[in-house]
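Reviewing the structure listed below.
The values are calculated or read from the model by the stated rules, or taken from the named source; none is laboratory data. Values in this document were obtained by computation on a predicted structure and should not be read as measured data. Cβ placement follows ideal geometry from the backbone for every residue including glycine, while neighbour counts extend to all protein chains displayed. Quick note on the areas: whole protein, heavy atoms, side chains included, nothing else; ligands and nucleic acids left out. Shrake-Rupley method; radii C 1.70, N 1.55, O 1.52, S 1.80 Å.
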Number of protein chains: 4
Amino acid sequence: MNLRTPDQNPGWMSEDTLFDVRQLVPIVYVEALPVRLDPLGCVSEVGLLFTADGGEMTRAFVSGRVRHRETIRAALLRNLEKDLGPLAMPQLPASTAPYAVAEYFPAPSQSGLTDERQHAVALEYVVPVQGTCTPRQDALELSWLTPDEALTESVLAEFTGGRGELLRQALAHVGWGR
Amino acid sequence: MNLRTPDQNPGWMSEDTLFDVRQLVPIVYVEALPVRLDPLGCVSEVGLLFTADGGEMTRAFVSGRVRHRETIRAALLRNLEKDLGPLAMPQLPASTAPYAVAEYFPAPSQSGLTDERQHAVALEYVVPVQGTCTPRQDALELSWLTPDEALTESVLAEFTGGRGELLRQALAHVGWGR
Amino acid sequence: MNLRTPDQNPGWMSEDTLFDVRQLVPIVYVEALPVRLDPLGCVSEVGLLFTADGGEMTRAFVSGRVRHRETIRAALLRNLEKDLGPLAMPQLPASTAPYAVAEYFPAPSQSGLTDERQHAVALEYVVPVQGTCTPRQDALELSWLTPDEALTESVLAEFTGGRGELLRQALAHVGWGR
Amino acid sequence: MNLRTPDQNPGWMSEDTLFDVRQLVPIVYVEALPVRLDPLGCVSEVGLLFTADGGEMTRAFVSGRVRHRETIRAALLRNLEKDLGPLAMPQLPASTAPYAVAEYFPAPSQSGLTDERQHAVALEYVVPVQGTCTPRQDALELSWLTPDEALTESVLAEFTGGRGELLRQALAHVGWGR
């Protein structure tokens, strides 16, 4: 494979090329916890995807790669639409400064967060949604839980790669430390 | 005036009592810059009140005191409704952490921000609004300006007490440094 | 008591006057979690005061009122010195934007945080200290715990008024969600 | 060039490979504005590198790539040491959440920030330094300016690719909007 061949489709990559690039540089991701807010702005529910990732049932956030020449806002909107459907009406943040940066590494991870495919640097957001959400094709369901329900040990145990801690952090950020 | 008289109406104060209290402790305020966002979350317009404060025409943010036993979210919503009307549909932030804290002092101010009435500690927010806004009774108008228009010297000069710098800070926070 | 008597000592208040003012307006506080950082900026230890507050042993943060005409930075430094001694060498934050705002109310509290004396609005900071800390006079000790130790149920149970949740939030903010 | 050859030196790349990768994915950067703080935490001076980049004299922040399998904190410390020398004694932030994310694109840029080499996603920090700073080898000097000096039009004009706006944003973040 020769990456230097002039490319008709800049930013597009075959799976093989992406595999190679993932061994060379950290990959930029955006991750969002969709939430429903009450009129005062308090989080009433959080939306968690339930996927059958490699046979194992796991909880997931909205998550996806930022593509070459794609802005963070465009990547957020594209991934929210991919995971929640076109009618979710997400409210993108006025500032792109994330509330946290998650660093994923192949095990053994230096951060506690693992992703066997890659070193990923994920910008973390909490995104209010106002519309109707539908789970993405490969997800079994999208469930809405109260913050208290989401922070039970049984739900946290359904996250993999340390992502349960990210849920705690997201909820701490919006004022739920429990 | 005896403040120790049992109070039927806790948290309510006469203007005289408020005058006295303002000489004794810093007063908590919330201030919000109302903005309109495009679908990607970029600020397309900022809403500025134009008031005849003491005969002088000045620009103002949405601003108001947090009352005794009132939450920050309730104070934000109450003051947004007072200044923008009941149909503004503001989107309160998921986190109450402000992007900045403004400290107002009677002149000579230690912070560059002045308020002759009091020492005020104001929690600063950028609040997207989706509905129809109507200026409050004592305001001559509510005008919507693009960030570039709002940051012209002539508009900044219409703020008093250093508040033009707060507008710059708010716009820098959402990615406009110009 | 007549608050309108011209005051030689502006901002000073008798305990009686402070008692009265606390029934009328929210009181501004600064609160800081002192931390020790390793060279990479990771929190290696958190400093918790252990006080005998009304006979009961409780954990406490560095905490204190912002006085009339005092800046937030000056209040932070004064309270850090009061609670940690003059050799603590705290590193005040470059930005005064707090990572969270804690709202204390007399019970029944609307926020889960209680303070029977008052409605307090506390700006929350994590403050690295580099020097030698000595507990304040009314504190039995200042103990340094690793984040993992601090987040054990037995330590969290030693906080009162919901402050254990603030510790969780502070540690989540610096990347410890556990 | 075949990227799939097993690599003895994971994360290392030839300049040619880096050139290729830059056409395929956004590259993660950390950028820091070094500052000197007074005892109250106010920014008294900002450190700006002055480099002869391609013959043109330009101002620059501390800036560098996050390498594969390198943490953000390690990348920050490595780049601060590269640009300010080993005795700078930088105070890394307790939280890795940046105050802003800068998005650089080859012209025409969608963000106003340009970098002809690549699409870069830069995490932005303000980093207090306490020690002695020495400019890096390819820099002509490291100059310390007051915030007011740094925000003059003549200094801002010495930045390229829109980076002057980032300086404004950084100073707005720490309370200087002027």
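If you go through region C:70-82 one residue at a time, do you hit one that is at positive phi, more than 14 Å from chain D (Cβ to nearest Cβ) and under 16 Å from the mean Cα position of the chain (by Cα)?
Filtering region C:70-82 for residues at positive phi gives none.
Looking for residues that are at positive phi, more than 14 Å from chain D (Cβ to nearest Cβ) and under 16 Å from the mean Cα position of the chain (by Cα), one finds none in region C:70-82, hence no.
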ask   = From A:Phe19, A:Phe50, which residue is under 15 Å from the mean Cα position of the chain (by Cα), over 30 Å from D:Ala94 (Cβ atoms), among the aromatic types (Phe, Trp, Tyr) and away from chain B (no Cβ under 14 Å)?
value = A:Phe50
request  = Return the pairs, sorted by first residue and then second, in which the second residue is open to solvent by 10 Å² or more (accessible area, probe 1.4 Å) and of a type in the set (Val, Ile, Thr), the first residue lies in region C:92-108 and is within 15 Å of B:His68 (Cα to Cα), the beta carbons are less than 9 Å apart, and the residues are 6+ apart or on different chains.
outcome  = C:Glu103/B:Thr71; C:Glu103/B:Thr96; C:Tyr104/C:Thr114; C:Phe105/B:Thr71; C:Phe105/C:Thr114; C:Pro106/C:Thr114; C:Ala107/C:Thr114; C:Pro108/C:Thr114
query = Only one of these conditions is not met by A:Arg178: (1) open to solvent by less than 50 Å² (accessible area, probe 1.4 Å); (2) at pLDDT below 95; (3) more than 14 Å from chain B (Cβ to nearest Cβ); (4) closer than 27 Å to B:Ala100 by Cα. Which number is it?
reply = (1)
ask   = Restricting region A:125-156 to residues that are within 14 Å of chain C (Cβ to nearest Cβ) and open to solvent by 50 Å² or more (accessible area, probe 1.4 Å), which is farthest from A:Gly55 (Cα to Cα)?
value = A:Asp148
message = Checking the conditions here, which among D:Arg117, D:Arg136 is in contact with a helix residue (DSSP H, G or I) (Cβ under 9 Å, 6 or more places away or on another chain) and under 30 Å from C:Gln130 (Cα atoms)?
response = D:Arg136
ask   = Among the residues of region D:157-165, is any without any contact (Cβ under 8 Å) to a residue 12 or more places away in the chain, part of a loop (DSSP other than H, G, I, E, B), under 17 Å from B:Val174 (Cα atoms) and among the hydrophobic types (A, V, I, L, M, F, W, C)?
value = no
key: Index of the failed condition, C:Thr96 passing every other in (1) touching a helix residue (DSSP H, G or I) at 6+ places or on another chain (Cβ under 8 Å); (2) more than 7 Å from every other protein chain (Cβ to nearest Cβ); (3) of a type in the set (S, T, N, Q)   = (2)
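Is it true that D:Arg168 is at pLDDT below 95, basic (Lys, Arg), more than 24 Å from C:His173 (Cα to Cα) and part of a loop (DSSP other than H, G, I, E, B)?
Values: at pLDDT below 95: yes; basic (Lys, Arg): yes; more than 24 Å from C:His173 (Cα to Cα): yes; part of a loop (DSSP other than H, G, I, E, B): no.
No.
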query = Checking A:Ser109 against (1) at pLDDT 95 or above; (2) surrounded by fewer than 20 Cβ atoms within 10 Å (Cβ to Cβ); (3) assigned to a loop (DSSP other than H, G, I, E, B), which single condition isn't satisfied?
reply = (1)
message = Testing D:Thr114 on (1) within 7 Å of another protein chain (Cβ to nearest Cβ); (2) β-branched (Val, Ile, Thr); (3) open to solvent by 20 Å² or more (accessible area, probe 1.4 Å), one condition comes back false. Which one is that?
response = (1)
key: Positions within region A:96-113 being hydrophobic (A, V, I, L, M, F, W, C) and farther than 18 Å from A:Phe61 by Cα, in sequence order   = A:Ala97, A:Ala107
request  = Please tell me if D:Glu103 is open to solvent by less than 40 Å² (accessible area, probe 1.4 Å) and either within 13 Å of chain C (Cβ to nearest Cβ) or not in a strand (DSSP E or B) (or both).
outcome  = no
key: Selection count where residues are surrounded by 22 or more Cβ atoms within 10 Å (Cβ to Cβ), in contact with a Lys or Arg (Cβ under 9 Å, 6 or more places away or on another chain), of a type in the set (A, V, I, L, M, F, W, C) and more than 30 Å from A:Arg117 (Cβ to Cβ), scope region D:30-82   = 6
inquiry  = Can you tell me how many residues within region D:126-151 are of a type in the set (Ser, Thr, Tyr) and in contact with a Phe, Trp or Tyr (Cβ under 7 Å, 6 or more places away or on another chain)?
reply    = 1
query = Looking at this structure, is B:Ser95 assigned to a loop (DSSP other than H, G, I, E, B) and either modelled with pLDDT of 95 or more or small (Gly, Ala, Ser) (or both)?
reply = yes
remark   = For region A:83-93, the count of residues that are more than 12 Å from chain B (Cβ to nearest Cβ) and surrounded by 23 or more Cβ atoms within 10 Å (Cβ to Cβ) equals 2
